[in-house]
1. Am I reading the B/A interface right? What is its buried accessible area, both sides, 1.4 Å probe, to the nearest 100 Å²?
2. With +1 on each Lys and Arg Cβ and -1 on each Asp and Glu Cβ, how big is the dipole of region A:19-116 about its Cα centre, in debye rounded to the nearest 20?
3. Leaving ligands, DNA and RNA out of it, work out the accessible area of A:H120 with a 1.4 Å probe and give it in Å² to the nearest 10.
4. Carbon and sulfur atoms: what percent of the 1.4 Å accessible area of chain A do they account for?
5. If I model a spin label as a point 7 Å beyond the Cα along the Cα-Cβ vector, how far apart are those points for B:L17 and B:I100 in nm?
6. With a 1.4 Å probe and every protein chain left in place, work out the accessible area per residue of chain A in Å², rounded to a whole number.
7. List the relative contact order of chain A as a percent without decimals, with contacts defined as Cα pairs under 8 Å and 6+ residues apart.
8. Please compute, over every Cα-Cα pair in region B:129-222, the percentage with a separation greater than 17 angstrom.
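The values are calculated or read from the model by the stated rules, or taken from the named source; none is laboratory data. This one's a predicted model, so the numbers in the text were calculated from it and none came from an experiment. Cβ sites come from the backbone with ideal geometry, for glycine too, and all protein chains shown count toward neighbours. Side chains are part of the model used for accessible areas, which takes the heavy atoms of the whole protein and leaves out ligands, DNA and RNA. Shrake-Rupley method; radii C 1.70, N 1.55, O 1.52, S 1.80 Å.
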Amino acid sequence: MKRLYISIIMLAAVISGGIASVVYIEHADDRIQYLGAQIREEYSRGEDVTDDVAKLCRFWEEHYLVMCFIDNSNDISPISAEISRLPELAEQRSEDLIPQVDCVCYLSGKLNDKQFPYIHSVL
Amino acid sequence: MLIVIIRAFILYFVIILAVRLMGKRQIGELQPSELVVTLLLSNIATLPVEDISIPMTMGLVPIFTLVSIDVIVSCLTLRFRGLRRAVSGSAKIIISGGKIDQHVMRELRFTTDDLMAALRSQQIFDLNEVQLAVAETTGTISVYPKKSAQPVTCEDMSIKCENTDPPVMVIADGEVSKAALRYLDLDEKWLDSVIKAKGTTVENVFIMTAENGSTYTIIEREKN
């Protein structure tokens, strides 16, 4: 009976950990999409976007380690690489900034989609 | 490289924990479901060791999930017979009344060589000695020999025999097993007196087994 209880507790912990990881990455993706949209909007209005880019970089740095626990680092590292280019592009007010932000948002969205057990990803 | 070593170290203990959680049945003959879990565990455990881009959680989560499911399913099979049959299958009688059921053998894809090998492993070399043979769910064959082929028992000879438990290891390599003494309802005072009577010490005893307070065997350690 002891083994059964341990197994039930372990399975419950694994399932709740799985759900928590999905929620965590979804929250992170929402935030990245929000900051991305804000950068796009401010850029189109010709405003300074360095603050928002810094916010995005800080946010990613804070969550990067936890994400490495949740997903394969091969999927996390490309996002880090793309984000690391943003501050320089923002300072230069480069035309490449928005495509770069789009790329970050796309990769983050893809990472988020990967977490949710859709039939196509399960099979 | 260091990461691989640390991961291998962690997974070693995790797998031991997982197998311990699955219980003693795991170590002996495997039921089909246990075989599946064992195969999967060994495969999953290697992934995070081989590829350090895969987080450890990707290895640990499926291991704990599989083991938990296995324990839960095996507990459910204790209660539900139908589930037990679905998961483990059921035993099949291969020889009944001394007659081989060829239909069951075909169904189990059991060759005559397999049957003879299984009988030989049970010390039966003549098919005519078998009364009943059952193919268990673990894949082993249990054999019940004909009365004429069974060894003579005390009952057959009308001799009164006392049923006693087998001897228990009380001292192993100079170390006293308190659990064994408790099992035999004996104490260390008794042990000291017996050891003294033999003219030795506990440290010098290689093996000591006992059935009760009066029947015991002491083998002393050889001096190099």
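1. Between B and A, the summed buried area is about 1300 Å².
2. Numbers: 9 positive and 20 negative charges, 40 e Å.
Here region A:19-116 has a charge dipole of around 200 debye.
3. Solvent-accessible area, nearest 10 Å²: 150 Å².
4. Ligands and nucleic acids excluded, carbon and sulfur reach 59 percent.
5. In this crude label model, B:L17 to B:I100 measures out at 5.0 nm.
6. Values: 7390 Å² over 123 residues.
Accessible area per residue: 60 Å².
7. Once normalised by length, the contact order is 32 percent.
8. 63
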